[in-house]
1. Could you say which residue among B:PHE101, B:PHE160 is within 30 Å of B:LEU266 (Cα to Cα) and surrounded by fewer than 21 Cβ atoms within 10 Å (Cβ to Cβ)?
2. What is the one condition in (1) over 21 Å from the mean Cα position of the chain (by Cα); (2) more than 9 Å from every other protein chain (Cβ to nearest Cβ); (3) under 30 Å from A:LEU53 (Cα atoms) that A:PHE151 does not satisfy?
3. Please pick out the residue among A:ASP163, A:ASP149, A:ASP159 that is of a type outside the set (Val, Ile, Thr) and out of contact with any Phe, Trp or Tyr (no Cβ under 8 Å at 6 or more places or on another chain).
4. Counting only residues that are within 21 Å of the chain's Cα centre (by Cα), surrounded by 21 or more Cβ atoms within 10 Å (Cβ to Cβ) and within 7 Å of chain B (Cβ to nearest Cβ), how many does region A:2-42 have?
5. Within the bounds of region B:387-410, is there any residue that is touching a Pro at 6+ places or on another chain (Cβ under 8 Å) and more than 23 Å from B:HIS311 (Cβ to Cβ)?
6. Six or more apart or on different chains, Cβ atoms under 7 Å: show the pairs whose first residue is in region B:228-257 and within 30 Å of A:LYS150 (Cα to Cα) and whose second is buried (at least 24 other Cβ atoms within 10 Å of the Cβ) and among the aromatic types (Phe, Trp, Tyr).
7. What tally of residues in region A:112-143 results from selecting those that are closer than 17 Å to B:PRO161 by Cβ and more than 7 Å from every other protein chain (Cβ to nearest Cβ)?
8. I'm trying to understand the selection: among the residues of region B:75-85, which are open to solvent by less than 80 Å² (accessible area, probe 1.4 Å) and touching a residue at least 12 places away in the same chain (Cβ under 8 Å)?
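The values are calculated or read from the model by the stated rules, or taken from the named source; none is laboratory data. Note that the coordinates shown come from a computational prediction; the quantities given were computed from them, not determined experimentally. Cβ: placed from backbone, ideal geometry, glycine included. Neighbour counts: every protein chain shown. Note: areas computed on protein heavy atoms with side chains; ligands, DNA, RNA excluded. Shrake-Rupley method; radii C 1.70, N 1.55, O 1.52, S 1.80 Å.
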Amino acid sequence: MANQHGIIAKFDTPAGIMHAAEKVRDAGYKNWDVITPFPIHGMDPAMGIKRSLVGRFTIVGGTIGLTTGMLMIWFTGASELSLPYMDGYKLIVGGKPYFSPQFAFPVSYELTILFSAFASIGGMFILNKLPRHHHPVLKYKDVAASSDDKFFLYIQNEDPQFDGEKTRSFLKNLGPVEVGELEE
Amino acid sequence: MGSSNPILDEVKPAILKEVDPVDIPRPALVENNRSFSWITDKICGIVEEKTPTWWWVCFIIACAGASFTVMGLVYLVATGTGVWGLANPANWGWAIVNFVFWIGIGHAGTLISAILCLLRQKWRTSINRAAEAMTIFAVVCAGIFPVFHVGRVWMAWFLFPIPNANAIWPNFRSALLWDVFAVSTYGTVSVLFWYVGLIPDLASVRDRAKNKIRQVLYGIFAMGWRGSNRQWSNYEMCYLLLAGLSTPLVLSVHTIVSFDFAISLLPGWHTTIFPPYFVAGAIFSGFGMVLTLMLPLRAIYRLEDLITQYHIDCMTKIILATGTMVGYAYGMEFFIAAYGANDFEIFAFVNRAFGNYAWAYWIMISCNVISPQFFWFKKIRENTALVWIITIFVNIGMWFERFVIAVTTLTRDFVPSSWGYYSPTIIDIFTYLGTFGLFSVLFLLFLRFLPLMAMAEIKVVTPQADPHNH
């Protein structure tokens with residue numbers, strides 16, 4: 001079939017989909033996924049997914065935030081640097097030091113959190129390849145149930161192990177309610 | 001319990017060889033064993049049903065209320081900040097009181113969504129969405145006061161270090177500027193956190209949409225979410241990280257708000273107890289507001305299976321604990337003033353309790369310290385009408401707390417010749433009361449257009465969601 005994307009199976013219970021996922025993992029499939037209305041506890045190991053990498057984005061964002069805060073406060077109040085469209089100058093307030101990490105800390109701290117939050121969410125979207133409004137799964141007739149109370153598992157035909165009839169009967173043996181075709 | 005060692009069986013040692021953990025029965029978080037689709041239908045149904053009449057009635061009243069804030073602000077901008085009752089020596093009045101009040105209300109939303117998430121308190125799931133919405137709308141109401149108190153609002157952007165032709169930079173040594181960064185970060189991160197939580201539920205509403213417009217609009221905001229587990233894995237990590245970021249954020253925001261007072265040199269303000277005491281007070285008032293909002297919703301939408309007595313018990317107990325902490329802080333302020341043996345400090349506190357504003361002080365004590373003590377009793381916690389009334393008292397009391405702190409110290413400064421008595425003008429009163437209208441308008445719109453509860457999260461805490469439960 002030219003416009004086939006993969007084969008999808010529907011399950012009724014979290015336990016059903018979890019056992020099925022374990023078997024698909026053990027069979028060595030690579031390009032497959034499960035669609036569930038909520039995150040099922042223990043599904044990541046059942047699918048063999050490694051720990052999420054969102055945290056790396058967060059640490060980068062936080063470091064940039066802290067540095068930005070400290071540099072900004074130093075530049076505006078203690079430096080005499082000239083940048084395009086803006087100049088720093090020594091701001092005299094009550095004979096206090098022009099710069100010290102102590103008074104710069106509250107603002108830098110808030111910026112650390114602000115940048116980390118944006119980085120975490122940006123990282124989540126990048127890793128999830130979202131926004132993407134046209135995924136083949138979203139065209140499946142029954143997919144609305146996946147955000148309500150049904151559980152789906154699909155194997156893409158790009159998978160090196162994918163073999164039309166064999167994969168279909170493999171999925172049928174996992175005890176689904178029904179098995180269907182995913183169109184591209 | 002059987003042990004395989006015959007000697008141990010015989011001598012019955014005082015220390016048992018092995019102990020089976022006691023099975024503590026956990027209260028059901030969703031009562032009547034509701035199914036997944038019942039939860040979806042119930043919560044999406046609120047958004048999908050025809051707009052009920054009571055909603056329109058409330059919405060019109062709320063708009064009328066909000067118009068008072070608009071009128072007050074227009075008059076202020078047209079005339080000048082003199083229309084507020086500020087006069088030497090009290091140059092901080094209702095504006096700072098209202099600002100701290102609303103920011104404090106917001107903090108319970110973040111506490112429920114972030115801190116309870118880190119502490120794995122599963123009961124948070126049915127109230128966190130509405131509480132986060134409350135946070136955002138409370139920050140909106142709070143933001144009005146500092147922005148407009150500058151008088152020339154079109155100059156408010158001077159608060160941010162934006163390069164300008166005059167090369168004017170803000171003074172980063174000032175706690176008021178720290179506030180600008182703390183509150184704007186808090187508002188932004190709260191919106192982000194709320195939105196990330198909404199994505200899977202927006203997808204549910206999209207999937208159920210009966211017409212194209214709904215499908216497209218909810219679809220755009222759902223970002224093409226399809227609930228794939230490879231996505232859930234990143235999503236859950238992101239949510240956990242945001243919870244981990246919001247927790248120090250919420251504590252730092254109210255700490256910095258308390259710095260507005262604490263890093264000054266005025267008696268009654270210059271105390272190191274302010275940051276923890278402000279945070280406890282914020283959580284106290286915020287939980288009061290959460291219950292004030294959720295109890296009527298629970299009754300209107302018949303949500304008793306999702307917001308159970310257990311939820312109400314948990315929240316009232318937090319109110320009891322934080323209210324008692326606030327009471328302890330009130331006492332400790334007096335103790336430190338006496339123990340510090342500073343005449344001005346002692347005068348400031350004696351003046352609070354027995355001076356010109358003693359009426360406000362005792363309203364504060366009765367509402368904040370005495371009224372939550374009723375929550376010791378199960379009978380009272382189970383009476384929703386009574387719980388609701390007490391939460392109103394909590395909110396009144398916390399407004400008075402900020403009033404007492406700001407006004408008693410300012411009107412009785414070091415030089416008796418400059419002492420005065422501060423009263424608000426009608427413009428102060430209009431502007432403040434109107435913010436409740438604004439808050440209600442925003443909350444009613446939230447009820448109408450977004451899922452009131454985090455469906456995906458509630459499904460996780462039901463027993464049938466456990467894959468090991470057959």
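1. Going through B:PHE101, B:PHE160 in turn, the sole match is B:PHE160.
2. Every condition holds for A:PHE151 apart from (1).
3. On the way: A:ASP149 fails: out of contact with any Phe, Trp or Tyr (no Cβ under 8 Å at 6 or more places or on another chain); A:ASP159 fails: out of contact with any Phe, Trp or Tyr (no Cβ under 8 Å at 6 or more places or on another chain).
From the options A:ASP163, A:ASP149, A:ASP159, the qualifying one is A:ASP163.
4. Total meeting the criteria: 9.
5. First, the residues of region B:387-410 that are touching a Pro at 6+ places or on another chain (Cβ under 8 Å): B:388, B:390, B:394, B:409-410.
Pick out the ones that are also more than 23 Å from B:HIS311 (Cβ to Cβ) and you get B:409-410.
Yes, the conditions are met somewhere in region B:387-410.
6. Matching pairs, first to second residue: B:LEU242/B:PHE193.
7. If we filter region A:112-143 for residues that are closer than 17 Å to B:PRO161 by Cβ, which is where we start, we get A:112, A:114-115.
Remaining after also requiring more than 7 Å from every other protein chain (Cβ to nearest Cβ): A:112, A:115.
The total comes to 2.
8. B:LEU76, B:VAL77, B:GLY80, B:THR81, B:VAL83, B:TRP84, B:GLY85
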